[in-house]
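Peer 1: One structure is given below, represented as structure tokens, and several questions about it will come after.
The values are calculated or read from the model by the stated rules, or taken from the named source; none is laboratory data. Source: prediction; values computed, not measured. Because the Cβ atoms are built from the backbone with ideal geometry, glycine has one as well, and the counts that use them run over all protein chains shown.
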Amino acid sequence: MYKAHGITGYQLKTTEDLLKVHGIGFKAVQGYARLDDLLRILYEKLFLNFFNGLGFRVQGYFSSQGYLLC
């Protein structure tokens, strides 16, 4: 999947990569619209780091459901 989309090293670099490869639009999760600009940037980085840390074989088992800001 990664090579078909021109991604080398099996590392997601942008949220567009996440959408192209896994079909996950991280902005569609519940609670995203309530985040301010700084939290949106942090959330994007957290999401990419989380998926890259999982390894590409495990990533297909996860989907985003919501974001709870405590």
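Peer 1: Quick one: is LEU12 of a type outside the set (Gly, Ala, Ser), modelled with pLDDT of 80 or more and touching a helix residue (DSSP H, G or I) at 6+ places or on another chain (Cβ under 6 Å)?
Peer 2: So LEU12 passes the test.
Peer 1: Can you tell me which of (1) touching a helix residue (DSSP H, G or I) at 6+ places or on another chain (Cβ under 6 Å); (2) assigned to a helix (DSSP H, G or I) is the one MET1 doesn't meet?
Peer 2: Of the numbered conditions (1) touching a helix residue (DSSP H, G or I) at 6+ places or on another chain (Cβ under 6 Å); (2) assigned to a helix (DSSP H, G or I), the odd one out for MET1 is (2).
Peer 1: Shifting gears a bit: Could you check how many residues of the range 1-24 are of a type in the set (Gly, Ala, Ser) and surrounded by 12 or more Cβ atoms within 10 Å (Cβ to Cβ)?
Peer 2: Of the residues in the range 1-24, 0 are of a type in the set (Gly, Ala, Ser) and surrounded by 12 or more Cβ atoms within 10 Å (Cβ to Cβ).
Peer 1: Could you give me the residue pairs with C-beta distances under 9 Å whose first residue belongs to the range 30-45 and is over 16 Å from GLU16 (Cβ atoms), whose second residue is charged (D, E, K, R) and modelled with pLDDT under 90 wherever it lies, and which are 6+ apart or on separate chains?
Peer 2: That search, which allows pairs on different chains as well, returns ALA33/LYS27.
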